[in-house]
Amino acid sequence: MPPVLILALGAFASAALVKFMAKESRRVNEELDATRAGTEPEVSTRKHPTLRRDPATGEYRPRDQ
């Protein structure tokens, strides 16, 4: 592999890593600030519906709400 290509790939990976770390740092700081202020952070805990077991088939299905 040519050295220029390896350097370009390394620079791209480094930029992606820095972007991810900055985003994660902002998210964690928001949670910490909300905790210090005494309020709950706005995080969705309901990403998936609650499942209930169907007694007839034994399969799990979303709960009717």
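Structure notes:
Residue by residue, here is whether (1) modelled with pLDDT under 95; (2) out of contact with any helix residue (DSSP H, G or I) (no Cβ under 7 Å at 6 or more places or on another chain); (3) among the hydroxyl-bearing types (Ser, Thr, Tyr) holds:
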site	(1), (2), (3)
PRO3	yes, yes, no
ALA13	no, yes, no
LEU17	no, yes, no
MET21	no, yes, no
ALA34	yes, yes, no
ALA37	yes, yes, no
PRO41	yes, no, no
LYS47	yes, yes, no
ASP54	yes, yes, no
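- For first residues located in region 6-34 and assigned to a helix (DSSP H, G or I), partners that are not acidic (Asp, Glu) and lie 6+ apart or on another chain with Cβ distances below 8 Å form the pairs GLU30/PRO41; GLU31/PRO41; GLU31/VAL43; ALA34/PRO41.
The values are calculated or read from the model by the stated rules, or taken from the named source; none is laboratory data. Keep in mind that this is a model prediction, so the values were computed, not measured. All Cβ positions, glycine included, derive from the backbone under ideal geometry; neighbour counts span all protein chains shown.
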